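Quick note: the coordinates plus some simple rules give every number you see, no bench work behind them. This one's a predicted model, so the numbers in the text were calculated from it and none came from an experiment. Here the Cβ positions follow ideal geometry from the backbone for every residue, glycine too, while neighbour counts run over all protein chains shown.
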Amino acid sequence: MRKYLVIVILMLFTLAMFAQESSKPYNENADARADLKKALSQAKKENKHVLVQFGGNWCPWCIRFHNMAYGAKVIDSLLKADYVYMLLNVSQDKKKRDYELFREFGYPNRFGYPVFVVLNGEGKQLHIQDSGILEHCQVKGYDTAKVVTFLKMWTPKAVDPATYQVK
């Protein structure tokens, strides 16, 4: 009986470890600039935009958005179709933050976290999105319709002038 109890406890411990790991989507040891370069290369090759989500594992709203991005089928499919979605870790320790990177992107951190920066495949900044505007007004979380609208407004097709020319 004791043997089974130990096995059950070990299984629960293992499950708890996996659950905790999956709730930390930001790689705190990532090289943000290298990851960004890779995302831009992929976006250029696939004719997509890069959606950079600045935030961290310390930010509950950052985790909520990330979970919704993969949990809501309509958002997941929009992201896969038109974006290279990347999480850019911002250290909770303000002394360890890359303020030069913030400067390069027009200080998106002024909106708080998460904040989104949309880039084209060349790395040109197209838009900074304050995530507060995407929140649901009655439920603690993001409004799927608002997020869908935001994503649709910044797809490669949406910002291509040829889309709007009369044929």
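Answer rounded, prolate or oblate for region 29-158, using the Cα gyration tensor with square roots of eigenvalues a ≥ b ≥ c: rounded when a/c is under 1.5, else prolate when a/b is larger than b/c, else oblate.
Numbers: a/c = 1.64, a/b = 1.05, b/c = 1.57.
Cα axes put region 29-158 in the oblate bin.
Going by how many other Cβ atoms sit within 10 Å of their own, how do MET153, MET68 line up, fewest first? Kindly include the intermediate steps, with their values, before the conclusion.
Numbers: MET153 13, MET68 17.
Ascending number of Cβ neighbours within 10 Å: MET153, MET68.
Under the Kirkwood approximation applied to all pairs of distinct alpha-carbon atoms, what is the hydrodynamic radius of region 35-78 in Å? Can you show the working numbers first?
Working: mean 1/r = 0.0845 Å⁻¹.
Evaluated on region 35-78, it is 11.8 Å.
Work out the FRET efficiency for ILE133 and LYS73 from their Cβ-Cβ distance, taking R0 = 30 Å, and round it to the nearest 0.05. Please list the in-between numbers first.
Values: r = 22 Å, r/R0 = 0.75.
FRET efficiency, ILE133 to LYS73: 0.85.
Name the most mobile residue of TYR99, TYR142, TYR83, meaning the one with the largest mean-square fluctuation, in a Gaussian network model of the chain with Cα contacts below 10 Å.
The residue that fluctuates most here is TYR99.
Can you work out the PRE-style zone for LYS45? Point 7 Å along Cα to Cβ, and I want the residues of region 123-150 with backbone N under 17 Å.
Only 123 fall inside the zone, counting backbone N under 17 Å.
What ranking, highest mean first, results for peptides 116-124, 104-112 when packing means the other Cβ atoms within 10 Å averaged over each residue? Before the final figure, lay out the partial values.
Values: 116-124: 17.6, 104-112: 14.8.
The packing order, highest mean first, is 116-124, 104-112.
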